[in-house]
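Worksheet for the structure shown next.
The values are calculated or read from the model by the stated rules, or taken from the named source; none is laboratory data. Remember, it's a predicted structure, so these values are computed and weren't measured experimentally. Backbone-built Cβ (ideal geometry, glycine too); neighbour counts: all protein chains shown.
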Amino acid sequence: MNMLQQLASQTPIWVWLLLAFLITRGIAAMKPGETSLQKLAIVPALFTVWGAWSISHRFGASVSAWGEWLAGIGAGAALGWLLLHRLKLTVDSSTGKLWRSADFSLLPLLLITFLVKYGFETAFAVSPALTAHAGFSAAYLLLSGGFTGIFVGKYCRYLASLRMIGAGKGLGAAG
């Protein structure tokens, strides 16, 4: 059995289901459409929970590990905010649904994020001693936090856009 077959067979089924879900979310985001804040919150919440679980599982209550992950989230959130600089939202006041423009950045970001997380998680599973390697751990924590932060930042941009609309500042570009 070659290495790729072994990796695929050792990967829990929930990981493949998660990948399929992320792909469908990314493809759906490529078309302008109606959505809700709850649907927009799924991806950032998913990566936040996955990241927090991974860190607590691998690093426990290590202040430096949590600090590196949170630093990554902060940097990623700024980038996520900037990615939606041309965001256009409208709100259907009768249904409360949002109409958002197409987001072509979501699918590639989801796939890259998944591959990076999968790669690091696989490396940790194969060699648990890597958690003690400062450089490897820092790369994992900063990248994991950074990608999570991108999705958090994009969600915050949606929230800010809705607040602008609610405050009567008009529809259209949020920024």
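For residues that are closer than 19 Å to THR148 by Cα and of a type in the set (Gly, Ala, Ser), scanning just segment 1-39, find the one that is surrounded by the fewest Cβ atoms within 10 Å (Cβ to Cβ). Filtering segment 1-39 for residues that are closer than 19 Å to THR148 by Cα and of a type in the set (Gly, Ala, Ser), the one surrounded by the fewest Cβ atoms within 10 Å (Cβ to Cβ) comes out as ALA20. Can you name every residue in segment 85-112 that is of a type in the set (Val, Ile, Thr) and farther than 11 Å from GLY33 by Cα? The answer is VAL91, THR95, ILE112. When ALA71 is tested against (1) within 19 Å of the chain's Cα centre (by Cα); (2) over 25 Å from PHE136 (Cβ atoms); (3) of a type in the set (Gly, Ala, Ser), just one condition goes unmet, and that condition is (2). Scanning segment 132-175 for residues that are modelled with pLDDT under 90 and polar (S, T, N, Q) gives a single hit, SER161.
In segment 122-161, how many are in contact with a helix residue (DSSP H, G or I) (Cβ under 7 Å, 6 or more places away or on another chain), in contact (Cβ under 8 Å) with a residue 24 or more places away in the chain and within 21 Å of PRO44 (Cβ to Cβ)? Total meeting the criteria: 18.
Note on segment 34-67: residues that are at positive phi and in contact with a Phe, Trp or Tyr (Cβ under 8 Å, 6 or more places away or on another chain) total 0. Report yes if some residue within segment 56-68 is closer than 25 Å to ILE165 by Cα and at pLDDT below 95; otherwise report no. No, because not a single residue in segment 56-68 is closer than 25 Å to ILE165 by Cα and at pLDDT below 95.
For the residues LEU87, LEU82, LEU70, the requirement of being touching a helix residue (DSSP H, G or I) at 6+ places or on another chain (Cβ under 6 Å) and either of a type outside the set (D, E, K, R) or exposed (fewer than 12 other Cβ atoms within 10 Å of the Cβ) (or both) singles out LEU87.
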